[in-house]
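The values are calculated or read from the model by the stated rules, or taken from the named source; none is laboratory data. Predicted model, so just to flag it, every value in this text is computed and none were measured. Neighbour counts are summed over all protein chains in view; Cβ atoms, including those assigned to glycine, are modelled from backbone coordinates with ideal geometry. These area figures cover heavy atoms from the full protein model, side chains too; ligands, DNA and RNA do not enter into them. Shrake-Rupley method; radii C 1.70, N 1.55, O 1.52, S 1.80 Å.
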Amino acid sequence: MNRDPVCSRNRGAALILSVLLLVFVGGLAGTLLIVQFHRNRLKSDYIGRIGAFYGAEGAANYAAELIWNGFLQAHGGQPGKFLELRAYLDDNAIASVPPGVWTAVPLAALDLGRSDATAAVDVLRTDGTGFTDLRYRAVVAIGNQVEVVESSFRAEGGIFNGFQFAIYSNNVSCTFCHAHFSSVKKFAGGPYDRVRVAATDSLVVRSTAASTIAGTLYTRGLIMDKTGVILSDLAATTFDGYTIAGGQIDPSTATLVDLYAAPVDADGNPVPGYNLYMNYPDDSAKQTDGRLPSDFPPVFFDENSNRVIDGAEYSKVAADAAGSVSGLGFIIPAGGVFGGASLSTTDPVSASGAIDGNLILTGTAGSPIRLSGKVVVNGDVVIKGVVQGLGSIIARGNIYVAGDVVYNDQVAGGKRQFGVAPDGSLNGLALSAGGNVLIGDYLTPKNGSLTSTASLMTGTSADGFGFTLSQLSLYNRREWQRTQSQLPGSGGTMVANSTYTPGYVPKYYAIQASNPIWAFISKVTWDDAKKSWIGSEHAGSFTDLTSLAVPVGALVSTLDPSSPWITPVQLKQFWIEDESQRASGDPFKIDGLIYTDNSVFALARGVSMTGGTMAINGALVARDTGILVPNNLEINYDERAVEFLDVRDSTEVTYHRASSVRRTEDVLKQYAEGSLTGTSSSITQALSKTLSTGYAN
């Protein structure tokens, strides 16, 4: 039978169309399958990348906490001292971390929640001036995904809060007589925050103190009268306070009140907001009315705890000095000698950053000292006059204040605008010394002449005795006391000394380096229950002093210049010149923050043109403070002082994150190029494994 050719052609066409359709559908299905497969892979890569990123963050945090918690556990759960942290990093059971070397951190207990995850962390330690940075580099690989995160943590001492006080010192001698503590804000007439004054040792207060405080007085010890009788309060004395309302003093409503010790709460902690705190706790957690520092950090950070400003320690502080100062005066290079006898000069002087030598700096109202930022001096500083600008002058040696140092402040409506220059800019000064700060004539002996250079204490009996030696002998006794397990008690017997510190290296004071180390121990006895010396308040002559045997390694800080660039006779001439230029009854005036971890002496003698009066607008903070101002001492606290110096309290270390950055591409590129050096084998193994499987960018 013959087939219809038309039908045959139709069936052939249909078959072709069916095949083509089948091919199309199959291709489409294959394409969709490929797309889906790719999407699944992208999704898997994305999930892997996200997991790797958060895993790297977690690994860095784990390592940071591992190091820090190990340090805390080594110190009974409490932050130790800053240098103790460095010692712990040098040698510990978790991971010793020397400076400048990438070191692997063990991650044995780290669980990233995935069996295919690989993690590694290195840490790099960098020691700076008063801080240590720990840079954690974490690498986490999941499949062919890798992420790198770097987190930096900084360990440093806490902010030194001694500048929150008008006066803060261990020993505050001859201060609380005819003294008045207030705030510079009183110049504006409105309410101001209460002023705080503190001494870490026991205090001696006379019943005829005739002093006031517009705020709060603290002592970590006892308060006694001059015979050694313990006082439970100061109500029977003429040392009074002002009513405090909401932590402030309102001059329009505040009234004088007797100083009674603050009560304690049910937990034995002092109740905040009172005028007087005795036996204030050492434990910062119990210091409910505000923190009191436990030490006086050196302005030149002591890297090796030897209490000496080593060259490297000076250089690190000097390297950060970017300020400038100008005025009238001289720079005397190291090894040079100042040949003048007067500070009166028209010679201009200017410097920036660090000064290698000694600085004499004066200013007048017409040509003030102009200061901006931090200036560091590798020697001594002599300063006097009018200051304009905001900054600090830090001396490696001593600072000698040869006359008034006051701000060039504007006056508006008859009122001084404290800390504001005539052009509206701010005035603020910090004077800080690695040595001592001498304000006024510390050289004239008792009953000596203020106007003769022949009347000059040298630290030996031939040249007279005076206030300076009397105070040095108290400070030296305190240092010596810490080296003795027993001290002379009443009845001529030796008694236990609970303040004894085994291995303590004392730092004594002397007027000149060749002097004996004088201490006042001949007319007193030690009462260990009171942790105080009982007897005469201070030495009255050389016959009261004892020359101490100075152990090997003990340090001596001298009040006279330690190098012959200037002589004590020249210093005395500067104060004679100031005396001749001062009007009768004009107080010795200081504007600014004064700080040292050694001693400050401030003298305005009753027979001088000051009439025994002094006015300080700022703050005075020092390990030992001797003030001889017999008729009227006025200290007005400037709360801006907390901003004038960056001094860290290394007695309690803090640890905080400084930055956290994703570094994946940078690190992988460096690894691929062979420029990633110094990393541990665990890091390189993680990177090698990832790249060998094909990192998906």
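Under Stokes-Einstein, with the Kirkwood radius over Cα pairs standing in for Rh, what whole-number D in µm²/s applies to segment 80-179 at 10 °C and 1.306 mPa s?
In µm²/s, the coefficient rounds to 92.
So with the 1.4 Å probe, I'd like the accessible area per residue for segment 562-633, rounded to whole Å².
Computed with neighbouring chains in place, this is 27 Å² per residue.
Taking the mean number of other Cβ atoms within 10 Å as a proxy for protection, how do you rank 234-241, 101-108, 430-437 from highest to lowest?
The peptides rank, most packed first, as 430-437, 234-241, 101-108.
Take the alpha-carbon positions of segment 388-516, form their convex hull, and give its projected area averaged over all directions (one quarter of the hull surface) in nm².
Across all orientations, segment 388-516 yields a mean hull projection of 13.5 nm².
Under the Karplus relation 6.51 cos²θ - 1.76 cosθ + 1.60, θ = phi - 60°, what is the ordered set of whole-Hz ³J(HN,Hα) values for segment 327-332, x standing for Gly and Pro?
x, 10, x, 8, 10, 9
Using only the Cα atoms, what convex hull volume per residue in Å³ does segment 69-132 have?
Taking only Cα atoms, segment 69-132 has a hull volume of 98 Å³ per residue.
For Ser532, what residues show an amide H to amide H distance below 5 Å, using hydrogens built from the backbone and excluding near sequence neighbours?
The list, which skips near neighbours in sequence, is Asp527.
With a sphere of radius 14 Å drawn around the Cβ of Ala519, what net charge do the other residues whose Cβ falls strictly inside it have (Lys, Arg +1; Asp, Glu -1)?
Computed value for this residue: +2.
If the only charges are +1 at each Lys and Arg Cβ and -1 at each Asp and Glu Cβ, what is the size of the charge dipole of the chain around the Cα centre, to the nearest 20 debye?
Here the size comes out at about 1840 debye.
Can you tell me how much longer the chain between Asp423 and Thr227 gets when fully stretched, taken as 0.36 nm per residue apart minus their C-alpha distance, in nm with one decimal?
65.2 nm
Normalising by the residue count of the chain, find the relative contact order in percent from Cα pairs under 8 Å and 6+ residues apart.
Result for the chain is 16 percent.
Normalise the Debye intensity by I(0) for segment 294-333, one equal point scatterer per Cα, no solvent, then take log10 at q = 0.15, 0.26 Å⁻¹ and round to two decimals.
Log10 I(q)/I(0), no solvent term: -0.53, -0.93.
If you average the C-alpha positions of segment 591-610 and of segment 415-478 separately, how far apart do those two centres end up, in angstrom?
First find each Cα centre; the distance between them is then 5 Å.
Leaving out ligands, DNA and RNA, and with a 1.4 Å probe, what % of the accessible surface on the chain is carbon or sulfur?
55
Give me the Kirkwood hydrodynamic radius of segment 464-553, using the inverse of the mean 1/r over all pairs of distinct Cα atoms, in Å to one decimal.
13.5
Computed from the mean reciprocal separation of all distinct C-alpha pairs, what Kirkwood hydrodynamic radius does segment 589-685 have, in Å?
After inverting the pairwise mean of 1/r, the radius is 18.7 Å.
Rounded to two decimals, what ratio of Rg to Rh does segment 209-296 give with C-alpha atoms and a Kirkwood Rh?
So for segment 209-296, dividing Rg by the Kirkwood Rh gives 0.97.
Could you work out the relative contact order of segment 124-179, using alpha carbon pairs under 8 angstrom and six or more residues apart, expressed as a whole percent?
26
Provide the packing ranking of 438-444, 253-259, i.e. peptides ordered by the mean count of other C-beta atoms within 10 Å per residue, highest first.
Sorting 438-444, 253-259 by mean packing, highest first, produces 438-444, 253-259.
Which of Gln73, Tyr595, Gly228 sits farthest toward the positive end of the charge dipole of the chain, with +1 on the Cβ of Lys and Arg and -1 on the Cβ of Asp and Glu?
So the residue we want is Gln73.
Direction-averaged shadow area of the convex hull around the Cα atoms of segment 186-339, nm²?
With the hull built on Cα positions only, its mean projection is 15.9 nm².
Per residue, how much accessible area does segment 191-283 show when a 1.4 Å probe rolls over the protein heavy atoms, in square angstrom?
Counting only protein heavy atoms, the per-residue value for segment 191-283 is 43 Å².
Which whole-angstrom value gives the distance between the alpha carbon centres of segment 177-191 and segment 246-274?
For segment 177-191 versus segment 246-274, the Cα centre distance is 18 Å.
Can you tell me which of 593-600, 635-642, 490-497, 243-250 comes out highest on packing, and rank the rest after it, using the mean Cβ neighbours within 10 Å?
Highest-to-lowest ranking by the protection proxy: 593-600, 635-642, 243-250, 490-497.
Is segment 311-418 best put as rounded, prolate or oblate by its Cα gyration tensor, with a ≥ b ≥ c the root eigenvalues, rounded for a/c under 1.5, and otherwise prolate when a/b is larger than b/c, oblate when not?
oblate
Once you've got the Cα coordinates, tell me which of Lys446/Lys530; Lys316/Lys374; Lys415/Lys589; Lys507/Lys572; Lys316/Lys384; Lys226/Lys523 are over 20 Å apart.
Pairs exceeding 20 Å: Lys446/Lys530; Lys507/Lys572; Lys316/Lys384.
Please list log₁₀ I(q)/I(0) at q = 0.10, 0.11, 0.18, 0.21 Å⁻¹ for segment 96-235, using the Debye equation with identical point scatterers on the alpha-carbon positions.
With one equal scatterer per Cα and no solvent, log10 I(q)/I(0) is -0.62, -0.65, -1.04, -1.24.
Please name whichever of Ala319, Gly414, Ala245 sits farthest to the positive end of the charge dipole of the chain, dipole taken about the Cα centre and charges placed at Cβ: Lys and Arg +1, Asp and Glu -1.
Ala319
With runs of 4+ DSSP H residues as the only contributors, calculate the mean residue ellipticity of the chain at 222 nm using -39,500 (n - 2.57) per run, divided by the residue total and rounded to the nearest 500.
Theoretical 222 nm ellipticity from helices: -7000 deg cm²/dmol.
Through the Karplus equation 6.51 cos²θ - 1.76 cosθ + 1.60, θ set to phi - 60°, convert the phi angles of segment 657-668 into ³J(HN,Hα) values in whole Hz; use x for Gly and Pro.
6, 9, 6, 8, 9, 7, 10, 4, 4, 4, 5, 5
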